[in-house]
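Structure, as structure tokens:
The values are calculated or read from the model by the stated rules, or taken from the named source; none is laboratory data. Keep in mind that this is a model prediction, so the values were computed, not measured. With ideal geometry, Cβ positions are generated from the backbone for all residues, glycine too; neighbour counts draw on all protein chains shown. Calculation scope for accessible area: heavy atoms of the full protein, side chains included, ligands and nucleic acids excluded. Shrake-Rupley method; radii C 1.70, N 1.55, O 1.52, S 1.80 Å.
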Amino acid sequence: MLNVVALQGRLARDPELRQTATGKSVATFTLACDRGRKDASGKSLTDWVPIIAWESRAEFAYKWLTKGQMVAVDGRLQSRTYQAKDGTSRTVLEVVAGSINFCGSKADNPGQTSTAPAGQPNVGAPAPAYNQGPGDDFALIEDEGDLPF
């Protein structure tokens, strides 16, 4: 069976980071994905997709992603059921992130800006998480000239 989701959109809010009872990091955020068409009144149609990231991806999302930033997320679709405060049973669909990637230019992605003074290498800054998988550590870059984009 196949369960693969690929989305590109803008963060609707900053990621929230929490720890589970066993100490695992989990981040949640919402991705606003444009459907690419408009309704009868000319307003763009947007889907608001809840995203969950675990462990290293959660820490990456919390540290580097901000509201309004364009990102691509791929992962799997998950459904879960919970009991609402009013006693009714509710089902939620969400995407569990397998990878999170920056999209657009640096100007579009404030989390990617260099903290080094002009002309100085940005040693020790994490590189964008291209296809970051389970257990991957953040790569270190020597300077912005080494980035592939």
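In nm, to one decimal, how far is the Q8 label point from the T66 one, both placed 7 Å along Cα→Cβ?
2.3
Would you mind calculating the relative contact order of segment 27-88 from Cα pairs under 8 angstrom and at least 6 residues apart, reporting the percent as a whole number?
Here the relative contact order equals 28 percent.
Using the heavy atoms of the protein chains alone and a 1.4 angstrom probe, what is the accessible area of segment 1-111 per residue in square angstrom?
I get 60 Å² per residue for segment 1-111.
Scan around K67 for amide H atoms under 5 Å from its own, H built in the peptide plane at 1.01 Å from N, and keep only partners 5 or more places away or cross-chain.
D14
Probe 1.4 Å, all protein chains in place: accessible area of T20 in Å², nearest 10?
We get 40 Å² for T20.
Using a 1.4 angstrom probe with every protein chain in place, what is the largest-first accessible-area order of V49, V95?
Result, largest first: V49, V95.
Spelling out what I want: for every residue of segment 56-67, take phi, set θ = phi - 60°, compute 6.51 cos²θ - 1.76 cosθ + 1.60 (Karplus), and round to whole Hz; glycine and proline get x.
Running phi through 6.51 cos²θ - 1.76 cosθ + 1.60 with θ = phi - 60° gives 5, 5, 5, 5, 4, 4, 5, 6, 10, 9, 9, 3 Hz.
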